[in-house]
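The values are calculated or read from the model by the stated rules, or taken from the named source; none is laboratory data. Since this is a predicted model, take the numbers as computed values, not measurements. Don't worry about glycine lacking a Cβ; one is built from the backbone with ideal geometry, like all the others, and counts go over all protein chains shown.
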Amino acid sequence: MKTRMKKRAGKSFLGRMAMNSTLRAVTAMERCPALILEARVRKLPAPSPLKLSSQGFDVIAEVKRRSPSAGTLARRALRITDQGRNYARGGATALSVLTEPEAFDGELSHLQEVASAVAPVPAMRKDFLVSPYQVLEARAAGASGVLLIAAMLNDARLQDMLRYTHRLGLFALVEIFDAADLERTVSAIHAAGPALVDGRCRSLIGVNCRDLRSLKVDFGRFAGLAPRLPADIPRVAESGVESASQAARVAGLGYGVALVGTALMRAPDPAAFVAELLRAGRASAFEARAR
């Protein structure tokens, strides 16, 4: 399994991101050792819990200045805190904030700014995390959750990262691309404990329908993997949802959350678009339950 994971991450976008992330982590640890960050974290209020709606569908709204597939999404004059507040006003259950600098123009400071602006709505660090130190960084910056990409982490590291995430009181969205990722991820999540505890979401599985080699979207991946997803772990549709009709489609397939970034960054009225996605998804989820 480890060999397969390394081959997939190899000479690819994901492999380049992993290498850059490793270098960033080493530099950050030299600049600010973990003991200092841990001291900062102990002074922070508890992370905001991630609680999913009983209406069967939620939106995690993403703040990012650019993406490799779509190019620049936000002019420098855009206040990312305003974007975050608009998402929260529209009803987003959580915000995802890109902190990767090379391909997404992200910074850890963006996470800190947005998390502070939208509290108590939880904010999640979206990056190509390879070290528990980076989870600690996220917590110190005010995050309530982190993204973990299964294809970048071997089995032992994935389990370690999940346990450390939960120990810090954060939720983890574990991203998968195929059935092999799914099998490994389900095992790791179950080993780390229940995904839901007293209404609080600790772990989610996210299906990313974007091919990170070609950067093209394969919307059919949502339908292909849906029957394999376990009922006890909330499922997230990542990438590809750009309209209310697509939100309804993934909700009808059993996805309780959609993570939406590019379409929201381009929307003239982000708050209204979040609300529109929620209405469509929740109506579809209601119909699916009634069948």
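What to note about this one:
- Hits in the stretch 178-196 (condition: among the aliphatic types (A, V, I, L, M) and either at pLDDT below 95 or in a helix (DSSP H, G or I) (or both)): ALA179, ALA180, LEU182, VAL186, ALA188, ILE189, ALA191, ALA192
- Matching residues, the stretch 47-92, being in a strand (DSSP E or B), at negative phi and of a type outside the set (Ser, Thr, Tyr): ASP58, VAL59, ILE60, ALA61, GLU62, VAL63, ARG66
- Considering only residues in the stretch 262-271 that are part of a helix (DSSP H, G or I) and touching a helix residue (DSSP H, G or I) at 6+ places or on another chain (Cβ under 6 Å), the one that is surrounded by the fewest Cβ atoms within 10 Å (Cβ to Cβ) turns out to be ALA271.
- Within the stretch 205-235, being out of contact with any helix residue (DSSP H, G or I) (no Cβ under 9 Å at 6 or more places or on another chain), among the hydrophobic types (A, V, I, L, M, F, W, C) and either surrounded by 14 or more Cβ atoms within 10 Å (Cβ to Cβ) or under 21 Å from MET17 (Cα atoms) (or both) holds for one residue alone: VAL217.
- Within the stretch 159-192, the residues that satisfy the criterion of being free of Cβ contacts under 8 Å to residues at least 40 places away in the same chain and within 11 Å of ILE233 (Cα to Cα) are VAL174, THR185, HIS190.
- No other residue among LEU111, LEU148, LEU95 is assigned to a helix (DSSP H, G or I), within 16 Å of the chain's Cα centre (by Cα) and not aromatic (Phe, Trp, Tyr) apart from LEU111.
- Enumeration of residues in the stretch 218-261 that are free of Cβ contacts under 8 Å to residues at least 40 places away in the same chain and in a strand (DSSP E or B): ARG235, ALA237
- Meets criteria (buried (at least 24 other Cβ atoms within 10 Å of the Cβ) and closer than 27 Å to ASP211 by Cα) for LEU108: no
- Options VAL197, VAL257, VAL174: the member that is under 28 Å from ALA115 (Cβ atoms), of a type in the set (A, V, I, L, M, F, W, C) and in contact with a Phe, Trp or Tyr (Cβ under 8 Å, 6 or more places away or on another chain): VAL257
- Out of ALA138, ALA117, sole residue that is surrounded by fewer than 23 Cβ atoms within 10 Å (Cβ to Cβ) and either of a type in the set (Gly, Ala, Ser) or at pLDDT 95 or above (or both): ALA117
- LEU153 being buried (at least 23 other Cβ atoms within 10 Å of the Cβ), in contact (Cβ under 8 Å) with a residue 60 or more places away in the chain and hydrophobic (A, V, I, L, M, F, W, C): yes
- Count of the stretch 1-46 residues which are among the charged types (D, E, K, R), modelled with pLDDT of 95 or more and assigned to a loop (DSSP other than H, G, I, E, B): 1
- Taken over the stretch 198-221, the criterion of being at pLDDT 95 or above and either of a type in the set (Val, Ile, Thr) or closer than 13 Å to LEU52 by Cβ (or both) is satisfied by ARG200, CYS201, ARG202, SER203, LEU204, ILE205, VAL207.
- Selection within the stretch 272-291 - of a type in the set (A, V, I, L, M) and either surrounded by fewer than 19 Cβ atoms within 10 Å (Cβ to Cβ) or within 12 Å of GLN246 (Cα to Cα) (or both): ALA272, ALA275, LEU277, LEU278, ALA280, ALA283, ALA288, ALA290
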